[in-house]
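Here it is, the structure in full.
The values are calculated or read from the model by the stated rules, or taken from the named source; none is laboratory data. Quick caveat: nothing in here was measured; it's all calculated off a predicted structure. Each accessible area value is taken on the protein alone, full model and side chains, heavy atoms only, with ligands, DNA and RNA left out. Shrake-Rupley method; radii C 1.70, N 1.55, O 1.52, S 1.80 Å.
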Amino acid sequence: MLVFVINKNNQPLMPCTARKAKILLKQHRAKIIKRTPFTIKLFNGSSGYKQEITLGIDTGSKEVGFSATTPTKVLFENKLILRTDIVKLLATRREFRKTRRARKTRYRQPRFLNRKKADGWLAPSIENKISAHLKSTALIYNILPIAKTIVEVANFDIQKINNPN
């Protein structure tokens, strides 16, 4: 098991073994910051030894894979499962709102000037997926000294796979 290390200036360092982290904690040279993933913060300075770590991100519509590696070993692996229920929840909320308005007997003025979407608007489901990607990436950048990021984006033509002609 690896323990992630942050120096006294909140800069990420290379992870250490659980044994080394236990020794640092017993000697009161570090404190626990997070339990998941287990991260410690050093009280005094360190040499700041860092290797080149590459973060690989494999995006998808339902799952996102993260992997931080050095040339010799894997330091961090994670699979993020994205929410797929947002469209259904918004449709349910819309139906409740419509039935609530239909129950009222008063005349309600038609509204039409508030329907324009702002520039840069994204659907809530897409916005949630983007924010989940960014949040997970920021977490990894906070615990590991990432030097390079590789994002795998693949577009498939499903019809061409089914019928090559």
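Given N residues in region 68-150, what is its alpha carbon radius of gyration divided by 2.2 N^0.38 Å? Walk me through the numbers before you get to the answer.
On the way: Rg = 21.4 Å, N = 83, 2.2 N^0.38 = 11.8 Å.
Here the answer is 1.82, to two decimals.
Further question: Have a look at Y107, Y141, Y49 and tell me which one the Gaussian network model of the chain (Cα, springs below 10 Å) gives the largest fluctuation.
Greatest mean-square fluctuation among the candidates belongs to Y107.
Over all alpha-carbon pairs of region 1-122, lay out the pair-distance distribution in 10 Å bins, whole %, shortest bin first.
10, 24, 20, 14, 14, 12, 6, 0
Return the ratio Rg/(2.2 N^0.38 Å) for region 40-92, where Rg is computed over Cα atoms only.
1.80
Among the lysines, which have Cα under 22 Å from the Cα of K26 when same-chain residues fewer than 8 positions away are ignored?
The reachable lysines, counting only those whose Cα sits under 22 Å from K26, are K8, K34, K41.
I want to check a number: in region 54-165, how many lysine pairs have alpha carbons closer than 15 Å, given a sequence separation of 8 or more or different chains?
Values: K62/K79; K62/K129; K79/K129; K79/K135.
Lysine pairs satisfying the spacing and distance rule in region 54-165 number 4.
Sort L122, L80 from largest to smallest accessible area, using a 1.4 Å probe on the heavy atoms of the protein chains.
L122, L80
Taking all protein chains in place and a 1.4 Å probe, what share, in percent, of the accessible surface of region 1-142 do carbon and sulfur account for?
Carbon and sulfur: 54 percent of the exposed surface of region 1-142.
Further question: So if each residue of separation counts as 0.36 nm, and I subtract the Cα-Cα distance between T70 and T99, what length gain in nm does that give?
That pair, T70 and T99, stretches by 4.8 nm at full extension.
Work the Kirkwood hydrodynamic radius out for region 13-73: mean of 1/r over every pair of different alpha-carbon atoms, inverted, in Å.
This gives a value of 13.9 Å.
Counting alpha carbon pairs within less than 8 Å and at least 6 residues apart, what relative contact order, in whole percent, applies to the chain?
26
Nearest 10 degrees, 0 to 90: what angle lies between the long axis of helix 124-143 and the longest principal axis of the chain (Cα atoms)?
Result, in degrees: 10.
Still on this model: Rounded to the nearest whole Å³, what is the per residue volume of the convex hull around the Cα atoms of region 1-40?
Numbers: hull volume 2.3 nm³, N = 40.
Cα convex hull per residue, to the nearest whole number: 58 Å³.
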